[in-house]
Amino acid sequence: MITGFLNQTLQQVTQSLTEHRRRSVLAQPKSILLQAVDYLQQRIEHEKISGNFGSVIGLNQVLEVIYALDSQVVSNQRISEQQAFEYMSNYTDDLIAIIAPNDAIEGSQMVADVLLVAGRVRQAERISGQLCSYAYVEELYGAMYARIR
């Protein structure tokens, strides 16, 4: 009888802790880089369904650039980052032109902003030697856009 009571109490405590952890994880804001990745993955799926395979290829290339931000720059990576920024700027303009939903436009602009910040981090990397990292991009993005958003 005592064993059953202890097992039930232990189970209740475990469930309570699990629920508390789940709520605290859900309450934390998603990082801007994760938001960018999520947005790109959603748009890629949307463009696949729409049959816009040129957009699928372009958005996949942007996604690859974002995945590589945390690594040291190799030969053509900086060019790829600049091309990704230009692509997202043009993609945003295209979304505005077709009067896409606001969340699609805002998401596209957010990805372009992340790439703009990454470009500035890369410039600082060349000057100071501080390597680009996801954390540094997050920090600079927060400093640049916290007042706006």
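Annotations
- Scoring 31-38, 73-80, 43-50 by mean Cβ neighbours within 10 Å over their residues and listing the highest first yields 31-38, 43-50, 73-80.
- Listed peptides 84-91, 103-110 appear in the order 84-91, 103-110 once ranked by packing, highest mean of other Cβ atoms within 10 Å at the front.
- Using a Förster distance of 22 Å, the FRET efficiency for Ala124-Tyr145 (Cβ separation, nearest 0.05): 0.80
Where a number appears in this text, it was derived from the coordinates with a stated rule and is not lab data. Note that the coordinates shown come from a computational prediction; the quantities given were computed from them, not determined experimentally. Here the Cβ is made from the backbone with ideal geometry for all residues, glycine too, and neighbour counts use every protein chain on show.
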